[in-house]
Structure formats: C-alpha cells, structure tokens
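Read through the structure below, which is laid out as structure tokens, and then see the notes.
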Amino acid sequence: MNIYPDLLYTIIEYFKKLPGIGERTAERYALALINLQEDELSDFAENISKIKKTLHTCEICGHLTDMNVCKICSDEDKKKNLICVVEDYKSVFMFEKMGNFDGVYHVLGGLISPIDGINPDDLNIASLVKRCKSQKNVELIVALKPTIEGDTTTLYLKKILEKENVKITRLSYGIPMGAEIDYLDVLTLERALSDRKEVS
C-alpha cells in the first residue's frame with residue numbers, strides 16, 4: 001500500500017530515478033522540499049525545467065555548456081594542443097576538480113562497441129581529427145576506462161591519427177580495470193594523469 005500522499009509519492013519516484021538514490025534518500029529529499037520557502041521551490045523547479053532547453057554540447061569539444069563554446073575551450077590560459085579525450089562530460093568535471101590540468105578536453109559521447117551497435121561514426125571523432133589538424137605539436141591524452149570498449153576506441157584513434165603529427169598517451173594503469181573515470185578519487189586520477197604512457 002502507498003503510504004504517501006500522491007504528490008509526495010510522485011516526487012519520491014522521480015528522485016529514485018537519479019543515480020545512487022534509494023527509497024530512503026528519495027523520501028528525505030522529497031520531505032526536505034516541503035521545508036523550502038515558496039520562492040526557493042519556484043526557483044528550483046524553474047531551473048530544472050530549463051535543463052533540456054539550456055544545456056547542450058560545446059561546438060568545439062562536445063562538453064556540456066549553456067553557451068556556444070564552453071568555459072574551458074574559451075579559457076585563454078588552457079593549452080589548446082594538449083587534449084584530454086574522455087567518454088562523457090562527467091569525466092571533464094572530474095578532471096577539472098583536480099585543478100591542475102592545463103589542457104583542454106574532447107568528449108566522444110561514448111565508446112566504440114559493435115556489440116551495442118556503436119560505431120566510430122556514432123561518436124564525436126571527426127571533430128577531434130579536425131582539431132588535431134588545426135594545432136601543432138598535439139598531445140592527445142586518452143582518458144577512457146580500461147575496458148575492451150575503451151581499448152578499442154584508443155586503438156582506433158591511434159590508427160586514424162597515425163599520419164598526423166600527434167603524440168598519443170593514455171592514463172597509467174593504476175586505474176582498476178573497468179573503473180569509471182568519474183568515480184575515481186582525485187588523487188588516483190592525478191597520479192594516473194602524471195604517469196601517462198604513450199600508446200604503442
């Protein structure tokens with residue numbers, strides 16, 4: 001039997017759709033909303049409703065932004081020829097939390113996985129090749145999870161860029177097999193980045 005008022009039950013169910021949120025946490029969040037001021041609730045709801053309309057991918061790197069070009073790509077202090085290749089925008093946020101990476105990023109939007117029907121053309125790879133051709137002395141740091149799909153994508157990038165003047169490195173294997181980049185602690189990620197190896 002549903003013990004909650006219908007509206008509260010619906011809100012709890014929506015919170016449960018978020019990653020890592022179970023029944024008790026969802027209930028706590030839903031009940032906490034009741035204690036917010038009406039103007040805070042309105043502001044909260046309005047901002048949530050804007051997510052799909054306002055946030056989109058950066059036209060240069062594919063990262064999440066509310067502008068045409070994201071804050072990282074427009075940062076003049078970032079080295080444009082040092083490109084960290086990641087699977088999704090969550091990994092970008094993880095790297096930026098380190099606070100000491102002075103390069104830029106390229107978000108692929110997934111990994112090559114023929115078994116799942118994901119081919120190179122489905123990913124943000126063509127624009128990466130274009131970026132590499134427009135810069136000199138490019139280093140690509142491949143920061144993909146150490147799985148079959150991650151390795152397949154890494155080797156594909158190496159193959160299509162082998163005729164370009166691009167150095168391709170990858171994070172060191174201090175990262176556990178199958179680990180998600182955005183779930184790593186900052187220290188582990190920082191060490192993996194500083195100890196990166198050239199892709200052979």
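Note on the stretch 83-169: enclosed helices (runs of 4 or more DSSP H) holding 3 or more residues that are over 18 Å from His63 (Cβ atoms) are 148-160. Comparison of Gly22, Gly117 shows that the only residue that is in the same structural domain as Val142 (by TED's automatic domain parsing) and either surrounded by 12 or more Cβ atoms within 10 Å (Cβ to Cβ) or not charged (D, E, K, R) (or both) is Gly117. For the stretch 52-79, a residue qualifies if it is loosely packed, with under 13 Cβ neighbours inside 10 Å and β-branched (Val, Ile, Thr), and exactly one does: Thr54. Looking across the stretch 9-36, the residues that are of a type in the set (Val, Ile, Thr) and either closer than 17 Å to Ile48 by Cα or in a helix (DSSP H, G or I) (or both) come down to Thr10, Ile11, Ile12, Thr25, Ile34. Looking only at residues of the stretch 26-56 that are over 25 Å from the mean Cα position of the chain (by Cα) and polar (S, T, N, Q), we find that the one that is farthest from Cys73 (Cα to Cα) is Asn35. Among the numbered conditions (1) closer than 19 Å to Leu128 by Cβ; (2) in the same structural domain as Val166 (by TED's automatic domain parsing); (3) within 19 Å of the chain's Cα centre (by Cα), the only one that Glu59 does not meet is (2). Glu87 passes every criterion in (1) modelled with pLDDT of 95 or more; (2) among the charged types (D, E, K, R); (3) more than 13 Å from the chain's Cα centre (by Cα) apart from (3).
For (1) closer than 22 Å to Thr169 by Cβ; (2) of a type in the set (S, T, N, Q); (3) in contact (Cβ under 8 Å) with a residue 24 or more places away in the chain; (4) in contact with a Lys or Arg (Cβ under 8 Å, 6 or more places away or on another chain), each residue gets a yes or a no:
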residue: Ala45; (1), (2), (3), (4): no, no, no, no
residue: Thr54; (1), (2), (3), (4): no, yes, no, no
residue: Asn81; (1), (2), (3), (4): yes, yes, yes, yes
residue: Gly99; (1), (2), (3), (4): yes, no, no, no
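Of all residues in the stretch 140-153, those that are in the same structural domain as Ile83 (by TED's automatic domain parsing) and of a type in the set (S, T, N, Q) have Cβ atoms under 9 Å from Cβ atoms of residues that are in a strand (DSSP E or B) and buried (at least 19 other Cβ atoms within 10 Å of the Cβ), 6 or more apart or on another chain, in Thr153/Val85; Thr153/Val142. Residues that are at pLDDT 90 or above, surrounded by 15 or more Cβ atoms within 10 Å (Cβ to Cβ), acidic (Asp, Glu) and touching a helix residue (DSSP H, G or I) at 6+ places or on another chain (Cβ under 9 Å) occur in the stretch 145-155; there is at least one. Residues in the stretch 26-47 that are surrounded by 11 or more Cβ atoms within 10 Å (Cβ to Cβ), closer than 28 Å to Asp66 by Cβ and of a type outside the set (A, V, I, L, M): Tyr29, Glu40, Ser42, Asp43, Phe44.
Test Glu40 against the stated conditions and say whether it is of a type outside the set (Ser, Thr, Tyr) and at pLDDT below 95.
On the way: of a type outside the set (Ser, Thr, Tyr): yes; at pLDDT below 95: no.
The answer is no for Glu40.
The values are calculated or read from the model by the stated rules, or taken from the named source; none is laboratory data. These numbers come from a predicted model, not from an experiment. Cβ atoms come from the backbone with ideal geometry, glycine included; neighbour counts cover every protein chain shown.
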